[in-house]
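See below for the structure under consideration.
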Amino acid sequence: MFSLSSGACRHLIVFDLEWNQSSYNPNHRMPHEIIEIGACRVDRDYHVVDTFSRLIQPRLYKRLDKHIKKVTGMTEEELAGGQPFDCVFADFIAWCGGDAQLVTWGRDDFPVLRRNAAFHQCPMPFEPPIDAQLVFGSACLGSLAQQMNLHAAMEHQNIVLEVPAHRAVYDAQCTAALLASIDKAVLAMPEDRRAQLHATIEKEARIASSVLLSLPTRHVYQTDALADERLMNIACPKCGRRTAFDTPWFDSGREKYMALSRCPQHGMALGQMHFKRAQSGALVMHQRVYAASEQEIDDVRERYRLYQLTPPRKRHHRLNMEDAVAKMGAKPNE
């Protein structure tokens, strides 16, 4: 549970990232390129005892997005004086130490960090972080569904910290300033709500460990993409080996696809997928795969059962992989 007062804790590293991107020519292996890592170490009383702040010289997107430039105040000249990602990340790992519990505000930073590390072929020694924004919503706002941005949360808690906004180390310090009040609110929660929060944190950790895949395709229609075995295969999120479908890809609503696939060694994986259209007209596939819980397995199977009971004429163009493969005259997993 999110608490240092239990007496058995690791030291906390609150970190934040700034990243750049290209709307016109993105690299689908790394759509968001980290340009700054900022972090602070907090002690058992939630006091900041050390900070880390480094700029990263961009390798892919050397021109700053206009919005990123406006929000952060960074310039291309400033970033040109940074260091390569692998050097900064190695220093960050060393600075964190071997027993760090990462904390972020929101769920986006860690997947971006994992993708950047994989792109640069750097080891990733960190476990998924605690999402302080999620905990804040549950403990301080009364609902897991409620979210509040960082500076609104500080105002909500009457916390004032005179630092500039939207630079990584300063946002990390703002998050750290909230931890004491968040922890106090968690400890005051009824046991049933704390158990619900703990279960949600466990689920978020599995999602944060997802294998993410963004891949341009040669297809214009989703029916053709669903029939393309090379695209539809699911790799185990733990070992990377090919898995066997338990529940094939199907449109669970609004062109959001789901599937279950089994690894003989690591069990069931849950796949989530959607498509976006590139300027060329071809589809770009975006896929997330992570270890599935028993509840998620039951849920996806039930969704697929209800999908199958719906007559095709009433599915409102909702597609599934088996039908797409049948139309192409092939079979899945051939």
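Nothing in this text is a laboratory measurement; each read-out follows from the coordinates by a stated rule. Worth saying up front: this structure is predicted, and the values here are computed from it rather than measured. Here the Cβ is made from the backbone with ideal geometry for all residues, glycine too, and neighbour counts use every protein chain on show.
Data overview
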item	result
Taking the range 14-160 and dividing mean pair separation by its residue count, relative contact order in percent (alpha carbons under 8 Å, at least six apart)	20
Under the Debye formula (equal points on every Cα, no solvent term), log10 I(q)/I(0) of the chain at q = 0.08, 0.13, 0.16 Å⁻¹	-0.45, -1.10, -1.39
Rh (Kirkwood; distinct C-alpha pairs) - the range 129-259, Å	18.3
Fewest-first sequence of Met124, Met74 by Cβ atoms within 10 Å of each Cβ	Met124, Met74
Calculated from backbone phi, Karplus (6.51, -1.76, 1.60) coupling profile of the range 237-254 in Hz, x at Gly/Pro	x, 9, 10, x, 7, 5, 10, 10, 5, 9, 10, x, 4, 8, 6, 7, x, 6
Cβ-placed point charges (K, R +1; D, E -1), dipole of the chain about Cα centre in debye, nearest 20	1400
Listed residue (Met148, His120, Leu134) projecting farthest to the positive dipole end of the range 11-208, Cβ model	His120
Cys236, Cys140 arranged by Cβ crowding within 10 Å, fewest neighbours leading	Cys140, Cys236
Share of pairwise Cα separations in the range 220-334, more than 19 Å, in percent	45
